[in-house]
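First the structure, in the form of structure tokens, and then the observations on it.
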Amino acid sequence: MTGPEPVPGDARPSLAVWKFASCDGCQLTLLDCEEELLALAGAVRIAHFTEMSRASIAGPYDVSLVEGSITTEEDARRIREVRESSRTLVTIGACATAGGIQGLRNFAASGEYARAVYAHPEYLASLDTSTPVEQHVHVDLALHGCPIDRGQLLEVVTALLAGRRPVLPGHSVCEQCKARGTVCLLVAGGTPCLGPVTRAGCGALCPAVDRGCFGCFGPADTANTEALARRLISDGLATDALVRLFRTFNAGAPAFEKEGRAHEPRHPAS
């Protein structure tokens, strides 16, 4: 990575934020920290963050936050450069950790979605798949969510600055529903909900407004997707609807991908 040299005498750790295929929502979460961001800016040297500034300081970087999935050959080359320039690499958000909503093309024939959307798909230069960063380089820490939670982001950055391991939840959204006194939509109303298998982090926002969890934070550490699928089918959910339920923001997360594929229509051999 090229750019201006660091300011002599500035001993603050350097932080870089990188964008790949994504909507920028997770980067905006960092900007939304507002008062905390001012304190953070004083504690670290923000060396690269195009969402905030055109300035870019040459690496190496103490911490790199990476948003977005790898969807082109250029992405694959650039993420290797970021990895080589970063002492600690943290992926942020569903795109970087699971391939994102654009990863739905992984379940279709090569170029099928592009042909359906673009008048001239031959002008596109992209890989057949949208893959998480960890499939290309070593990742030191993954921060899940679509978008990520600002509290978890601040915990990660402050923990790394303090030299300790961040404390992040691995339990399910169900615990957050119980904590806020939300009646279980799945048990009480038969509403399709991924809460039992989804990582906590959103504060159980959707169940609190009577909507089933969409799985924005990806699979919990002990996600039993098979058991949940059996329950949903027994409640009358059609298999095609079940597949769609597992194929949203984190369709490429291994637990969700496996369960979605398990319920795909089986076509007899011709």
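Looking at SER64, SER85, SER14, SER56, can you tell me which residue is surrounded by 14 or more Cβ atoms within 10 Å (Cβ to Cβ), hydroxyl-bearing (Ser, Thr, Tyr) and within 18 Å of the chain's Cα centre (by Cα)? Before you say what the answer is, go through the steps one by one.
Working: SER85 fails: within 18 Å of the chain's Cα centre (by Cα); SER14 fails: within 18 Å of the chain's Cα centre (by Cα); SER56 fails: within 18 Å of the chain's Cα centre (by Cα).
Exactly one of SER64, SER85, SER14, SER56 is surrounded by 14 or more Cβ atoms within 10 Å (Cβ to Cβ), hydroxyl-bearing (Ser, Thr, Tyr) and within 18 Å of the chain's Cα centre (by Cα), namely SER64.
Filter the stretch 115-135 down to residues that are surrounded by fewer than 17 Cβ atoms within 10 Å (Cβ to Cβ) and touching a helix residue (DSSP H, G or I) at 6+ places or on another chain (Cβ under 6 Å) and give me whichever is farthest from ILE79 (Cα to Cα).
ARG115
Any residue at all in the stretch 232-249 that is of a type in the set (Asp, Glu), in contact (Cβ under 8 Å) with a residue 12 or more places away in the chain and within 17 Å of ALA188 (Cα to Cα)? Step through it out loud before you land on a result.
Of all residues in the stretch 232-249, those of a type in the set (Asp, Glu) come to 235, 240.
From the residues that got through so far, the ones that are in contact (Cβ under 8 Å) with a residue 12 or more places away in the chain too are 235, 240.
Of the ones still in play, those that are also within 17 Å of ALA188 (Cα to Cα) are 235.
Yes.
Out of all the residues in the stretch 215-233, is one or more loosely packed, with under 14 Cβ neighbours inside 10 Å and β-branched (Val, Ile, Thr)?
yes
Give all pairs with beta carbons closer than 8 Å in which a residue from the stretch 1-21 that is basic (Lys, Arg) meets a residue that is at pLDDT 95 or above and in a loop (DSSP other than H, G, I, E, B); count only pairs at least 6 apart in sequence or on separate chains.
LYS19/GLY68
Would you check which residues across the stretch 87-143 are among the polar types (S, T, N, Q) and without any contact (Cβ under 8 Å) to a residue 24 or more places away in the chain and list them? Steps first, answer last, please.
The first filter runs over the stretch 87-143 and keeps only residues among the polar types (S, T, N, Q), leaving 88, 91, 97, 102, 106, 110, 126, 129-131, 135.
Within the stretch 87-143, just SER110 meets the criteria.
Conditions tested, residue by residue: (1) assigned to a helix (DSSP H, G or I); (2) within 20 Å of the chain's Cα centre (by Cα); (3) outside the structural domain of SER130 (by TED's automatic domain parsing); (4) modelled with pLDDT of 80 or more.
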position: MET1; (1), (2), (3), (4): no, no, yes, no
position: GLU5; (1), (2), (3), (4): no, no, yes, no
position: PRO8; (1), (2), (3), (4): no, no, yes, no
position: THR29; (1), (2), (3), (4): yes, yes, no, yes
position: LEU37; (1), (2), (3), (4): yes, no, no, no
position: ALA41; (1), (2), (3), (4): yes, no, no, no
position: GLU51; (1), (2), (3), (4): no, yes, no, yes
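Tell me yes or no: at least one residue of the stretch 96-114 is touching a strand residue (DSSP E or B) at 6+ places or on another chain (Cβ under 8 Å), crowded, with 20+ Cβ neighbours inside 10 Å and more than 21 Å from THR198 (Cβ to Cβ).
No - not one qualifying residue is present in the stretch 96-114.
Please specify each residue of the stretch 98-117 satisfying the condition of being in a loop (DSSP other than H, G, I, E, B) and at pLDDT below 90.
Going through the stretch 98-117, the residues in a loop (DSSP other than H, G, I, E, B) turn out to be 99-100, 108-111.
Across the stretch 98-117, the qualifying residues are ALA108, ALA109, SER110, GLY111.
The values are calculated or read from the model by the stated rules, or taken from the named source; none is laboratory data. Note that the structure is predicted; figures quoted are calculated from it, not measured. Every residue, glycine as well, gets a Cβ built from its backbone with ideal geometry; the counts of neighbours run over all protein chains shown.
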